[in-house]
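Following: one structure in structure tokens, then a few remarks.
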Amino acid sequence: MDEVLVAEDVGRRYGETVAVDGVSLSVRAGEVLALVGPNGAGKTTLVRALTGTTDATGRVELFGQSPRTVDRDRIGLLPQAFTPHERLSARELVGYYAGLYDETRSTEAVLDDVGLADDADTAFENLSGGQQRRTCVAVTLVNDPDLLILDEPTTGIDPAGRRELWGLLEGLADRGVTIVVTTHYMEEAQRLADRVGLLEDGRLVTVGPPDQLIADHGGDSQLVVDGTFDEAAVASIDYPARMRRLNGSLVFYGVRPESIGRVVDELDTVGVAYDSLTWEQPDLEDVYLELTGTTVTDSGDARGTTESVAGESA
Ligand code: ADP
């Protein structure tokens with residue numbers, strides 16, 4: 001059996017709020033699973049249920065044991081709200097947390113792993129956002145875990161810091177560490193994960209390899225036309241494929257690169273002026289939109305979309 005984590009029908013309520021609603025999933029050794037969803041989707045509660053830090057219904061096993069009895073040396077957990085002492089350096093923090101375990105990797109090896117060897121003596125409060133987050137990951141690596149669980153490790157840091165974290169997690173995955181990571185960034189999940197689980201309102205809507213999810217639910221490539229449109233002109237567009245209004249944009253589906261000119265010609269013919277044209281291949285965001293009817297903003301909020309077929313009133 002190479003399943004590191006098994007969850008069956010896991011649920012957690014807070015009063016009337018169903019934070020996690022009957023989630024079943026499994027994670028194989030060496031796999032990277034990303035749990036993705038907007039704020040409030042249940043990511044943190046699910047991580048807490050999977051690690052035994054909240055009471056939940058259903059069944060969870062880590063390495064064949066209950067989360068509360070499993071050998072904690074095998075697990076690294078980075079909770080969302082983890083903030084280490086700000087005046088301590090990465091070297092001091094790694095040393096401090098190493099003291100909680102009988103067997104640990106050397107502090108220098110861990111600092112090397114997270115790319116902080118050169119800044120190891122800088123106080124935490126003086127590190128960049130990305131370096132701070134890598135320090136937090138370092139703390140979870142002191143016991144050389146086989147399974148690493150990270151709750152929104154890249155939220156709140158700038159894009160450069162986020163990319164640093166991605167490199168770090170990819171390196172750990174290459175070494176065979178099994179990783180469960182939550183995020184509200186679809187591109188992050190798409191890049192890092194072998195499989196992605198999409199969460200909405202506590203439910204696991206689907207789980208699968210990102211390419212497979214995109215092929216199954218992402219829809220066609222599309223041409224997005226933005227501008228302030230003359231609605232009468234828009235209504236007279238005659239294009240032999242699906243065209244929809246989405247958040248004010250005109251979206252033409254199933255447009256191959258060589259067909260972009262035909263769309264442009266049609267817009268010119270009917271007199272639709274526009275500011276920009278963007279050709280996009282489907283990605284995980286399209287999958288989430290297709291399956292839930294919402295998109296996730298950069299700040300992690302779910303946003304419903306307004307959509308209509310051209311010619312109908314919006
Ligand atoms: P996410 O991590 O995806 O933002 P959470 O797991 O934090 O989602 O929250 C899921 C839902 O459960 C939300 O509606 C949230 O308000 C609620 N919730 C989470 N923790 C608590 C708690 N300790 N008490 C009451 N409600 C909670």
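The values are calculated or read from the model by the stated rules, or taken from the named source; none is laboratory data. Values in this document were obtained by computation on a predicted structure and should not be read as measured data. All Cβ positions, glycine included, derive from the backbone under ideal geometry; neighbour counts span all protein chains shown.
Taken over the range 101-129, the criterion of being among the hydrophobic types (A, V, I, L, M, F, W, C) and touching a residue at least 12 places away in the same chain (Cβ under 8 Å) is satisfied by V110, L111, V114, L116, A120, A123, F124, L127. Total residues in the range 259-305 satisfying the condition of being assigned to a loop (DSSP other than H, G, I, E, B) and under 30 Å from G42 (Cβ atoms): the figure is 10.
Within the range 159-180, residues that are within 17 Å of V110 (Cβ to Cβ) have Cβ atoms under 9 Å from residues that are hydroxyl-bearing (S, T, Y) in these pairs: E164/S128; L165/T154, counting only partners at least 6 apart in sequence or on another chain. Filtering R48, R91 for residues that are within 16 Å of the ligand (Cβ to nearest atom), touching a Ser or Thr at 6+ places or on another chain (Cβ under 7 Å) and either free of Cβ contacts under 8 Å to residues at least 40 places away in the same chain or farther than 30 Å from M186 by Cα (or both) leaves a single hit, R48. Please verify whether R72 is farther than 15 Å from L148 by Cβ and either more than 16 Å from the ligand (Cβ to nearest atom) or in contact (Cβ under 8 Å) with a residue 24 or more places away in the chain (or both), treating the condition exactly as stated. Spelling it out, it is not the case that R72 is farther than 15 Å from L148 by Cβ and either more than 16 Å from the ligand (Cβ to nearest atom) or in contact (Cβ under 8 Å) with a residue 24 or more places away in the chain (or both).
Tallying residues that are within 8 Å of the ligand (Cβ to nearest atom) and out of contact with any Gly (no Cβ under 6 Å at 6 or more places or on another chain) within the range 30-42 yields 3.
The residues on offer are D201, D211, and the sole one that is assigned by TED's automatic domain parsing to the domain that holds D158, surrounded by fewer than 17 Cβ atoms within 10 Å (Cβ to Cβ) and either within 28 Å of I157 (Cα to Cα) or modelled with pLDDT of 90 or more (or both) is D211.
Taking the criterion of being surrounded by 24 or more Cβ atoms within 10 Å (Cβ to Cβ), outside any helix (DSSP H, G or I) and hydrophobic (A, V, I, L, M, F, W, C), the residues of the range 133-159 that qualify are V142, I149, L150. Here E231 clears all of (1) surrounded by fewer than 18 Cβ atoms within 10 Å (Cβ to Cβ); (2) assigned by TED's automatic domain parsing to the domain that holds V18 except the condition numbered (2).
When the test is whether a residue is touching a helix residue (DSSP H, G or I) at 6+ places or on another chain (Cβ under 8 Å) and either loosely packed, with under 15 Cβ neighbours inside 10 Å or at pLDDT 90 or above (or both), V270 passes it.
For V27, the requirement of being assigned by TED's automatic domain parsing to the domain that holds Y101, more than 8 Å from the ligand (Cβ to nearest atom), under 22 Å from the mean Cα position of the chain (by Cα) and within 19 Å of T206 (Cβ to Cβ) is met.
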